[in-house]
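Colleague: Quick one: the structure is below, questions incoming.
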Amino acid sequence: MTSSGSTDTPKPKYETEPPWLLPIRGPNPEVAGVAVNLKGEIHLATRSPDGIMVFSPDRSFLRAWGRDVLRYPHSITIDAEDRVYVPDTVDHVVRQFSPDGTLLMTLGAIGKPSRTGFHDEDDRTIRKSGRPFNQPTGVAIARDGAIYVSDGYGNARIHRFSSSGRLEFSWGEPGSGIGEFRTPHGVAVDRHGRVYVADRENDRIQVFEADGTFREMWTDVRRPNGIHIDPTGRVFVAEFGHRAGIAKSMSPPSSLSPVSRITIRDPEGGSVVDSWGADGNADKDPCAPGNFFAAHGIWVAHDGAVFVSEVVHSANGQRSSWPIGWVGPNCHAIQVFRPI
């Protein structure tokens, strides 16, 4: 089943919180991912010397950890026991931490990427899928504790592990057919066990049963990065658009879909029930509150607040030449939207 279009479902409304001035050190102040634990503590996966930075619900800094372990965090996920999962694209592993940042488990072999043919950061060079991992990108935890990993930049695979870290099975091949992937960039699991994969460079989301059986795909999507499912089952998607993070395989951005945005989707068919950002107007300032240059990570807290992280630096936001354009050194790394 392929879905596109819209729905008449009433739109939820959100207001943009005041800008968050983060105390991030180092030359790369971006936030690759965001997650909120049961206490409401906000965890930011930064690409700075501080690693994972944790803030209280009122944005007060609490602690930082992982600086001596993590090399290049790509996203962050927190499970029902407040354990934290961070895929690392440089070390080619996924690490599980306790709530206080103690390393509990490492999936994969540090510094040993699987052999897929991938080179020069070009997804077209992937000739075959491989074992875990080659630059893993996302993690999702099922209700039964199973760990799903999207893998990722240098692979074209989804892996399922048991809660204890045993690899149970994998699926996916490089390509654009059903069950094939070009940069599986994010993954989420709903309360029914369905697995949602952000198949980024194919401009779609593929939905599978828990065992990897294909269910449907959604095509009204603009290079999806992150996916999060709220308690009601609505699917929140951070979409890169076609001007940020230009891949080597991409042609110039179209006039129809260059802009990064957030969409909320009906889980049955994927129709858009709400969206925001500078959608439909590429001339709007992507760094203005409520707009995005490079939406990357997304998380919906228990109170309904939506957290969106951005990777302006990695997405070449500081380049002055085509096709990006200069967006300034202080473009937001994290934004928060509260339901009205």
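Colleague: Report the one residue of 304, 213, 14 whose Cα lies farthest in the direction of the positive end of the charge dipole of the chain (charges on C-beta: Lys and Arg +1, Asp and Glu -1; origin at the Cα centre).
Modeller: 213
Colleague: Would you mind listing how long the range 140-291 runs along its three principal axes, going by Cα atoms, in whole Å with the largest first?
Modeller: If we take the Cα atoms of the range 140-291, the spans are 48, 35, 24 Å.
Colleague: Now, a different point. Keeping every protein chain in place, order 22, 167, 38 by accessible area at 1.4 Å, biggest value first, i.e. largest first.
Modeller: 38, 167, 22
Colleague: With +1 on each Lys and Arg Cβ and -1 on each Asp and Glu Cβ, and nothing else charged, work out how big the dipole of the range 77-149 is about its Cα centre, in Debye to the nearest 20.
Modeller: 440 debye
Colleague: Less than 13 Å Cβ to Cβ from residue 90, Lys/Arg counted +1 and Asp/Glu -1: what total charge do the surrounding residues give?
Modeller: +1
Colleague: Would you list 16, 232 from the most to the least accessible area, probe 1.4 Å?
Modeller: Of 16, 232, the descending order of accessible area is 232, 16.
Colleague: Please state the charge dipole magnitude for the range 111-166, taken about the Cα centre, from unit charges on C-beta atoms (+1 on K and R, -1 on D and E), reported in debye and rounded to the nearest 20.
Modeller: Computed about the Cα centre, the dipole is about 340 debye.
Colleague: Using label points projected 7 Å from each Cα along Cα→Cβ, tell me how many nm separate residue 275 and residue 61, to one decimal.
Modeller: If labels sit at residue 275 and residue 61, their model points lie 3.7 nm apart.
Colleague: With a probe of 1.4 Å, find how much accessible area the chain has per residue, and write the answer as a whole number in Å².
Modeller: 41 Å²
Colleague: Charges at C-beta only: +1 for Lys and Arg, -1 for Asp and Glu. How large is the resulting dipole of the chain about its Cα centre, in Debye rounded to 20?
Modeller: That gives the chain a dipole magnitude of about 660 debye.
Colleague: Round to a whole number: what % of the accessible area of the chain belongs to carbon and sulfur, probe 1.4 Å?
Modeller: Exposed carbon and sulfur together represent 50 percent of the surface.
Colleague: I need the peptides 284-291, 239-246, 204-211, 56-63 ranked by packing, meaning the mean over residues of other C-beta atoms within 10 angstrom, with the highest value on top.
Modeller: By packing density, highest mean first, the sequence is 239-246, 204-211, 284-291, 56-63.
Colleague: When only the heavy atoms of the protein chains count and the probe is 1.4 Å, how do 91, 120, 68 rank by accessible area, highest first?
Modeller: 68, 120, 91
Colleague: Tell me which lysines have Cα within less than 29 Å of residue 13's Cα, excluding those fewer than 8 residues away on the same chain?
Modeller: 39, 284
Colleague: For the range 103-116, just list the computed ³J(HN,Hα) in residue order, Karplus coefficients 6.51, -1.76 and 1.60, θ = phi - 60°, integers in Hz, with x standing in for Gly and Pro.
Modeller: Running phi through 6.51 cos²θ - 1.76 cosθ + 1.60 with θ = phi - 60° gives 5, 9, 7, 10, 9, x, 10, 4, x, 10, x, 5, 8, 10 Hz.
Colleague: Moving on to the next point. Between residue 125 and residue 178, what length comes free when the chain is fully extended (0.36 nm per residue of separation minus the Cα-Cα distance, one decimal in nm)?
Modeller: Between residue 125 and residue 178, full extension yields an extra 17.1 nm.
Colleague: Please express the shape of the range 107-175 as an equivalent ellipsoid: the semi-axes are the square roots of 5 times the eigenvalues of the C-alpha gyration tensor, given largest first in whole angstrom.
Modeller: Gyration-tensor ellipsoid for the range 107-175: 22, 12, 9 Å.
The values are calculated or read from the model by the stated rules, or taken from the named source; none is laboratory data. Keep in mind that what you see is a predicted model, and the values were worked out from it rather than measured. Positions of Cβ are generated from backbone atoms using ideal geometry, with glycine treated the same way; all protein chains shown enter the neighbour counts. What goes into the accessible areas is simple: the full protein's heavy atoms, side chains included, and nothing from ligands, DNA or RNA. Shrake-Rupley method; radii C 1.70, N 1.55, O 1.52, S 1.80 Å.
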